[in-house]
1. Quick one: which residues, 5 or more positions from Gly96 or on another chain, have an amide H under 5 Å from its amide H? H modelled 1.01 Å from N in the peptide plane, none for Pro or chain starts.
2. I'd like the Karplus ³J(HN,Hα) series for the range 56-72: coefficients 6.51, -1.76, 1.60, θ = phi - 60°, whole numbers in Hz, and an x wherever there's a Gly or Pro.
3. Label Val83 and Asp180 with points 7 Å out from Cα along Cα→Cβ: what is the distance between them in nm?
4. Work out how much length His53 to Ser30 would gain on full extension: take 0.36 nm times their residue separation and subtract the Cα-Cα distance, in nm to one decimal.
5. Working with all protein chains in place, sort Glu116, Glu270, Glu290 by solvent-accessible area computed with a 1.4 Å probe, largest first.
6. Which entries of Lys295/Lys315; Lys104/Lys159; Lys265/Lys330; Lys105/Lys159; Lys117/Lys353; Lys39/Lys68 show an alpha-carbon separation above 29 angstrom in the structure shown?
7. Once you sort the root eigenvalues of the Cα gyration tensor of the range 282-356 as a ≥ b ≥ c, which label holds: rounded (a/c under 1.5), prolate (a/b larger than b/c) or oblate (the other case)?
8. Taking θ = phi - 60°, what integer Hz values does the Karplus form 6.51 cos²θ - 1.76 cosθ + 1.60 yield along the range 187-195, in sequence order, with x for Gly and Pro?
Amino acid sequence: MKRGRKKHNDYVKEDRLSDLPNCVLLRILSLLDADEAVKTCTISSRWRHLWKHLPTLILCSSHFMRIKSFNRFVSRILCLRDVSTPLHAVDFLCRGVVDPRLLKKVVTYAVSHNVEKLRVHACCDFQHFSSCFFSCHTLTSLDLCVGPPRTDERLSFPKSLNLPALTTLSLESFAFCVGDDGCAEPFSALNSLKNLMILYCNVLDAESLCISSVTLTNLTIVGDPVYYSTVELSTPSLFTFDFVCYEGIPVLKLCRSKINLSSVKHVNIEVRMWTDYADASLVLLNWLAELANIKSLTLNHTALKVLSLVPDLLKVEFHSLCNLKLLKVKMRIPSSMPNGTLYFLLQNSPSAKVEIVDWRMPMGCQ
């Protein structure tokens, strides 16, 4: 607000915010939760219907005392929003158990209005998404975490997808179904996929998860061996690989063709709990051998402990990590480094920079 001078030294406040064009005001309102954006209708007559043209809807239950009030608000805003306004993004974030009918209404509304970015985090007794949801040609980013009230159950992920524009996909607590060939390969039809995050997902009726994509550049996997025992990678464009495991290390079967993994340049491996068994150490050693051309490697202290379990580690012939420029170790300071592990990792790149980062594990994972 700027004060303007009037006669007789009287002052009047000038509303400079309302002088901004609608496109700027809508950009500002899009940063707010939808309930806060709606409240701006009381500012003046110009603001009364402005919220109806929001290109981004952030539907968050945290501002509501009761889940029923949130449900009514969401239904109301979907009915009153201007249908001619393009819908760029929808965030649906609900802490309580949401009515499946409401979730279906939100998803259907988003898809029917050609949404580009969609994030759904909710607890819902939901059986499956409609087929039209996984056939949205405008969707470029999809973030789904839809867990049932019973935490041991997971929503089935469809076998076939038709999302030609999708570049970013994040999935949490889904179950991948096995195809006719007996393999779970849910991402091969995503021809534009570049970023993939898989969190606590499992495979139904199989032990192997196949990730096949010629366009994928960034991959993050968070989970435990109970979810799948083998992960097969066929990702010739993969550039960064992040793996976080809370207990143990599953077998990671890499493609036989070395060129398929030569593109990987940045790797981060975190193991939150350490179980003393030799198989895990040999698996980790195999990873490092296959990911031969990486330039930066990040390991936490527990991963180094696992590596130190390799019998006669310093006598193992190791020809990888020749292009390593940076080795980063996340550990609690002060803490001792497992004997010989740094020397082993740096033997083929002695000039690589080493960074020790003071790292605190989340409560409950220590």
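The values are calculated or read from the model by the stated rules, or taken from the named source; none is laboratory data. Small disclaimer: the values here were computed from a predicted structure and weren't measured. Cβ sites come from the backbone with ideal geometry, for glycine too, and all protein chains shown count toward neighbours. Keep in mind that these areas ignore ligands, DNA and RNA; they rest on the heavy atoms of the full protein, side chains included. Shrake-Rupley method; radii C 1.70, N 1.55, O 1.52, S 1.80 Å.
1. none
2. Here the 3J(HN,Hα) series is 10, 10, 9, 9, 10, 7, 5, 8, 10, 6, 10, 5, 5, 5, 5, 4, 5 Hz.
3. Going by the 7 Å Cα→Cβ label model, 3.9 nm.
4. On the way: separation 23, 0.36 × 23 = 8.28 nm, distance 0.98 nm.
Gain in length upon complete extension: 7.3 nm.
5. Working: Glu116 75, Glu270 15, Glu290 50 Å².
Highest to lowest solvent-accessible surface, that is Glu116, Glu290, Glu270.
6. Values: Lys295/Lys315 24 Å; Lys104/Lys159 20 Å; Lys265/Lys330 19 Å; Lys105/Lys159 23 Å; Lys117/Lys353 38 Å; Lys39/Lys68 19 Å.
Pairs exceeding the cut-off: Lys117/Lys353.
7. Details: a/c = 1.62, a/b = 1.12, b/c = 1.45.
Oblate.
8. Here the 3J(HN,Hα) series is 10, 5, 8, 8, 7, 10, 5, 10, 10 Hz.
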